[in-house]
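Okay, so here's the structure we're looking at.
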Amino acid sequence: MTKQTEAFTKYHRYQLVHGDDADFISYQRHLGDGVWQTFSTWMIPRTDCH
């Protein structure tokens with residue numbers, strides 16, 4: 001299962017994606033005509049807390 005959350009302005013956005021084993025944040029820039037290019041992606045691994 002994947003869930004996405006976005007925070008963006010007109011020219012850049014951060015996208016938070018929740019996966020089954022990890023979360024990811026990607027930084028994207030708007031290139032025009034509805035095209036977004038990903039410049040960086042960070043993985044946030046999930047850990048078991050007992």
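Near Asp23, the amide H atoms lying under 5 Å from its own belong to Ile44, Arg46; only residues 5 or more places off or on other chains count, and H is placed 1.01 Å from N. Note on Ser40 and Tyr14: the model spin-label points, each 7 Å out from Cα along the C-beta direction, lie 1.0 nm apart. With θ taken as phi - 60° and the Karplus curve 6.51 cos²θ - 1.76 cosθ + 1.60 applied, the whole-hertz 3J(HN,Hα) list for the stretch 11-19 is 10, 8, 8, 10, 10, 9, 10, 9, x Hz, x standing for glycine and proline.
Ranked from largest to smallest solvent-accessible area, with a 1.4 Å probe on the protein heavy atoms, Val17, Val35 come out as Val35, Val17.
Each of Trp42, Trp36 has its accessible area taken with a 1.4 Å probe; listed largest first, they run Trp42, Trp36.
The values are calculated or read from the model by the stated rules, or taken from the named source; none is laboratory data. Since the structure is predicted, the reported quantities are computational estimates derived from the model, not experimental observations. Every residue, glycine as well, gets a Cβ built from its backbone with ideal geometry; the counts of neighbours run over all protein chains shown. Accessible surface areas use protein heavy atoms only, side chains included; no ligands, DNA or RNA. Shrake-Rupley method; radii C 1.70, N 1.55, O 1.52, S 1.80 Å.
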